Amino acid sequence: MAAPTTDRVAGPLTWRVARLVERRTETPTAQTLVLEVPGWPGHVAGQHVDVRLTAPDGYQAARSYSLAGPPDGDRIALTVQKVPDGEVSPYLIDVYGAGDPVEVRGPVGGWFVWRTEETAPVLLVAGGSGVVPLMAMIRARRDAGSRVPFRLIYSVRTPADVIYADELRRRARDDQGLDVAYVYTREAPEGWRGEPHRVGLADVNTHGWPADLEPLCYVCGPTGFVETVADLLVGLGHQTRRVKTERFGPTG
Amino acid sequence: MTDMSYLDGNMLDGPLRELFAVDLSSATGRCDSCGTLGPVAGLHVFSHAPGLVGRCPACSEVMLRLVRAPDRAWLDLRGTTFLQVPMPLDQPHPRPL
């Protein structure tokens with residue numbers, strides 16, 4: 001595993017040409033794209049990249065995507081949720097083909113990251129595709145052999161919307177010290193206790209860590225979701241600086 | 001909360017890295033208006049204005065504006081008293097050669 005060396009001072013940020021080498025379907029609307037980026041410098045879980053498309057007439061559109069896993073040599077993985085009226089995600093999901101070029105720059109971001117040398121317990125709270133950078137942390141934990149206790153609270157509309165469903169099921173079983181709890185907002189699977197609801201105090205209180213343990217909390221999802229969860233955590237006594245948030249908007 | 005149209009300062013990482021050699025998302029900024037200290041990653045960023053406008057999450061005053069043109073960039077930091085940037089040690093860990 002390539003160790004991230006200098007993610008803070010890394011020189012000028014340049015666009016590199018990446019090519020698609022693999023595509024995995026995660027849900028009906030989300031896919032993981034594995035890109036080969038020659039000279040990729042490595043990254044830390046939670047960082048992201050900017051992806052830029054250029055049309056034949058020169059028009060450019062750039063979007064930011066979280067890296068879905070630790071670096072694998074020159075390969076990086078992005079999980080893209082299709083935004084129906086978006087500019088970039090429908091292209092990446094429906095048109096972008098094996099071997100096609102796309103420009104990426106990164107990694108960027110040094111705040112919403114989890115480093116494998118951290119020892120504090122970790123609470124991850126995901127709304128929808130906000131699970132992507134949090135999954136990168138779960139995968140980095142596993143790869144590093146870290147035994148730091150992790151808890152993930154994952155809010156989705158329906159069971160079919162769970163990204164990485166199989167892997168999460170497997171890791172919750174095999175990765176010691178990883179607990180995964182789901183909150184369903186529209187339709188819950190059979191046997192799930194409770195009614196579909198938006199994430200609330202009881203969910204965060206039941207499936208999170210007590211503030212006394214001083215966990216690191218990472219919250220990623222749509223802006224309203226992130227506001228709600230961050231307010232709940234601070235209300236439960238977590239220090240603001242230990243509640244790290246990443247919001248995303250419908251800019252697809 | 002009526003206006004949910006902002007993003008957070010994490011999205012400034014790429015645009016600011018075009019100007020700076022360091023990552024500014026983990027830098028601490030002090031709001032010139034209310035004095036609140038916080039990470040650049042925690043700013044509320046409005047991206048539908050011309051350019052990117054970063055507002056203080058506590059008082060909503062503008063702390064940062066970044067406007068990018070094809071051949072230049074404007075960075076207005078007048079709402080920010082200072083930025084404190086974490087830097088790696090010159091020699092992080094002595095180790096055998």
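The values are calculated or read from the model by the stated rules, or taken from the named source; none is laboratory data. Model, not experiment: these values are computed from the prediction. A quick note on method: Cβ atoms are made from the backbone with ideal geometry, for glycine too, and the neighbour counts reach across all protein chains shown. Keep in mind that these areas ignore ligands, DNA and RNA; they rest on the heavy atoms of the full protein, side chains included. Shrake-Rupley method; radii C 1.70, N 1.55, O 1.52, S 1.80 Å.
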Residue by residue through the range B:44-62, note down the ones that are open to solvent by 10 Å² or more (accessible area, probe 1.4 Å), in contact with a strand residue (DSSP E or B) (Cβ under 9 Å, 6 or more places away or on another chain) and in contact (Cβ under 8 Å) with a residue 24 or more places away in the chain.
B:His44, B:Phe46, B:Ser47, B:Leu52, B:Arg55, B:Ala58, B:Cys59, B:Glu61
Consider A:Glu246 against the criteria (1) more than 14 Å from every other protein chain (Cβ to nearest Cβ); (2) not in a helix (DSSP H, G or I): it satisfies all of them except one. Which criterion is unmet?
(1)
Please verify whether B:Leu19 is closer than 22 Å to A:Ala62 by Cα, open to solvent by 20 Å² or more (accessible area, probe 1.4 Å), not β-branched (Val, Ile, Thr) and not in a strand (DSSP E or B), treating the condition exactly as stated.
yes
Unmet requirement for A:Pro196, which otherwise passes all of (1) within 14 Å of chain B (Cβ to nearest Cβ); (2) in a loop (DSSP other than H, G, I, E, B):
(1)
Looking at the range A:110-120, is at least one residue modelled with pLDDT under 90 and either buried (at least 23 other Cβ atoms within 10 Å of the Cβ) or within 14 Å of chain B (Cβ to nearest Cβ) (or both)?
yes
Go through the range A:41-77 and give me each residue that's within 12 Å of chain B (Cβ to nearest Cβ), farther than 21 Å from A:Gly128 by Cα and either in contact with a Ser or Thr (Cβ under 6 Å, 6 or more places away or on another chain) or among the β-branched types (Val, Ile, Thr) (or both).
A:Val44, A:Gln60
Is it the case that A:Asp72 is open to solvent by 10 Å² or more (accessible area, probe 1.4 Å), in contact with a Gly (Cβ under 6 Å, 6 or more places away or on another chain) and acidic (Asp, Glu)?
no
I need the full set of residues from the range A:176-207 which are modelled with pLDDT of 95 or more and within 17 Å of A:Met137 (Cα to Cα), in order please.
A:Gly177, A:Leu178, A:Asp179, A:Val180, A:Ala181
Are any residues in the range B:22-43 in contact with a strand residue (DSSP E or B) (Cβ under 6 Å, 6 or more places away or on another chain), surrounded by fewer than 21 Cβ atoms within 10 Å (Cβ to Cβ), more than 12 Å from chain A (Cβ to nearest Cβ) and not acidic (Asp, Glu), and if so, which ones?
B:Arg30
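Residue-by-condition table, conditions (1) more than 21 Å from the chain's Cα centre (by Cα); (2) free of Cβ contacts under 8 Å to residues at least 60 places away in the same chain:
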site: A:Arg142; (1), (2): no, yes
site: A:Val148; (1), (2): no, yes
site: A:Gln176; (1), (2): no, yes
site: A:Ala181; (1), (2): no, yes
site: A:Arg186; (1), (2): yes, yes
site: A:Cys217; (1), (2): no, no
site: A:Cys220; (1), (2): no, no
site: A:Thr228; (1), (2): no, yes
For the range A:30-57, pairs from a residue that is on the phi > 0 side of the Ramachandran plot to a residue that is among the acidic types (Asp, Glu) and part of a loop (DSSP other than H, G, I, E, B), with Cβ under 9 Å and 6 or more apart or across chains, are A:Gly39/A:Asp74; A:Gly42/A:Asp7
Members of the range B:1-43 found to be in contact (Cβ under 8 Å) with a residue 40 or more places away in the chain and among the acidic types (Asp, Glu), listed by number:
B:Glu18, B:Asp32
Taking the residues in the range A:55-69 that are of a type outside the set (A, V, I, L, M, F, W, C) and surrounded by 14 or more Cβ atoms within 10 Å (Cβ to Cβ) as candidates, determine which candidate is farthest from A:Tyr218 (Cα to Cα).
A:Arg63
From the options A:Pro215, A:Pro210, residue that is surrounded by 14 or more Cβ atoms within 10 Å (Cβ to Cβ), at pLDDT 95 or above and assigned by the TED database to the domain that holds A:Arg151
A:Pro215
